[in-house]
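The values are calculated or read from the model by the stated rules, or taken from the named source; none is laboratory data. As the structure is a prediction and not an experimental result, all values here were calculated from the model. When we count neighbours, we look across all protein chains shown, and the Cβ atoms used for this are built from the backbone with ideal geometry, even at glycine. Accessible surface is based on the protein model in full, side chains and every heavy atom, while ligands, DNA and RNA are left aside. Shrake-Rupley method; radii C 1.70, N 1.55, O 1.52, S 1.80 Å.
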Amino acid sequence: MDLKYLQTFQTIVKEGSFSKAAVKLNYTQSTITFQIGQLEQELSAKLFEKIGRRMVLTKAGEQLIPYVEDVINSVDKMRCFERDLAKCQDNLRIGVGESLLCYLLPSVLKEFHNRAPKAKLYLHSMNCYDIRDELMNGTLDIGLFYEDVGGYGSNLVTYPFGNYPLTLVASPEIKQDYPDFITPNQKISLPLIINEPNCIFRQIFEQYLRDKAIQLDHTIELWSIPTIKNLVKNNTGISFLPRFAVLDELERGKLTEISTDIMNVRISAVCGHHKNKWISPAMELFIRLVKESTQ
């Protein structure tokens, strides 16, 4: 039995359709259909059936899922049987919040590659809610995210990755013109420059504005914190960010902090994986380096 047929089956289950699995695996849809046909022939069982326009799992397909997961996990273990990390060729799929990836993770990545040079890290800059969800469904091996994401029950194992203050920042010129973000019931003619709506620190600041009945002019929504900082430095607006992300600019006087009533608010970051995930040598090393980086 060809292992790639099992991997294709697993990908279809995780992605939810043949077409999405084809994109994920960089196959044509005809290749996906052929591989599943071969697997069904070898197992003498129908794994998918067409209901309307969708291909859905049969009862036999549902029963096959845990067996396929066991086989693929066993193959992963065999690939890492050699405990010498210098020879380990493990692949890790890691989802990271953008601010953590930009400012806190580089030293961990550098040390990881020094110790396990043949291991491959597939890094994805992602929203924290998506990281949680993909850890829950097994798409990611490891996630680094802010834990204020509405909970994940007992399905994830997490390790602390620091507790960080947040701050409202502006250019010195903007602060001189708009120094007051504490007095309620204001209308301030400035835009908020921030990440997308599910950004944890955006949600915290927008709730603060609602509580204070402070109305800003509009919101400029961007995905890049370096771009956000450049716009703020150039008097375009204000932003609310983890302090570690703006520490260099604050020290050089390019940005300045504006007082708020949430100056003491902090957010906690974690490194997590699914509770049923097999911890490979490379994964164990990565988690250990994350833990050490916060000590």
| task | Run the dipole for the chain about the Cα centre, Lys and Arg Cβ at +1, Asp and Glu Cβ at -1, nothing else charged, and hand back the magnitude in debye, nearest 20. | result | 520
| request: Roll a 1.4 Å probe over the protein chains and send me the accessible area per residue for the stretch 164-266 in Å². | output: 48
| query | Is there a pair in LYS24/LYS277; LYS175/LYS229; LYS4/LYS110 whose C-alpha atoms are over 24 Å apart, and which pairs would that be? | reply | LYS4/LYS110
| query | Modelled label-to-label distance, ASN276 and MET136, 7 Å Cα→beta-carbon offset: nm? | reply | 1.5
| Net dipole in debye of the stretch 164-266 [+1 Lys, Arg Cβ; -1 Asp, Glu Cβ; about Cα centre; nearest 20] | 100
| query | Along the stretch 18-27, what does the Karplus equation 6.51 cos²θ - 1.76 cosθ + 1.60 (θ = phi - 60°) give for ³J(HN,Hα), rounded to whole Hz, x for Gly and Pro? | reply | 5, 5, 5, 5, 4, 5, 4, 8, 6, 10
| Long-range tail of P(r) for the stretch 223-285 (Cα pairs > 16 Å, %) | 60
| If the label point is 7 Å along Cα→Cβ of GLN63, which residues in the stretch 10-52 have backbone nitrogen under 14 Å from it? | 43-48
| remark: Per its Cα gyration tensor (rounded if a/c is under 1.5, else prolate when a/b beats b/c, else oblate), the stretch 36-194 is best filed as oblate
| note | Among CYS271, ALA282, PRO226, the residue whose Cα sits farthest towards the positive end of the charge dipole of the stretch 163-287 (+1 at Cβ of Lys and Arg, -1 at Cβ of Asp and Glu, taken about the Cα centre) is ALA282
| Cβ charges +1 (Lys, Arg) and -1 (Asp, Glu), total dipole of the stretch 55-200, debye | 460
| field | Most positive-pole-ward Cα, SER259, LEU64, ASN114, against dipole of the chain from beta carbon charges | value | LEU64
| the chain: percent of C-alpha pairs farther apart than 34 Å? | 37
| Farthest positive-ward along the stretch 48-189 dipole, Cα basis, beta-carbon charges - from ASN137, ALA170, VAL157 | ASN137
| query | For LEU289, what charge total do you get from the other residues with a beta carbon under 13 Å from its beta carbon, if Lys and Arg give +1 and Asp and Glu give -1? | reply | +1
| Share of the stretch 154-244's accessible area from carbon and sulfur, percent, 1.4 Å? | 48
| note | Listed by chain and number, the aspartates and glutamates with an alpha carbon less than 14 angstrom from that of LYS212, same-chain partners under 8 positions apart left out, are ASP180, ASP261
| request: At 7 Å along the Cα-to-beta-carbon direction for both LEU222 and SER17, put a label point, then send me their distance in nm to one decimal. | output: 3.4
| note | One checks the Cα atoms of the stretch 101-184 and finds Rg and Dmax, in Å, of 18.2, 56
| Rounded to a whole number, what % of the accessible area of the stretch 3-80 do carbon and sulfur atoms account for, probe 1.4 Å? | 51
| Whole number please: convex hull volume per residue of the Cα set in the stretch 3-80, in Å³? | 89
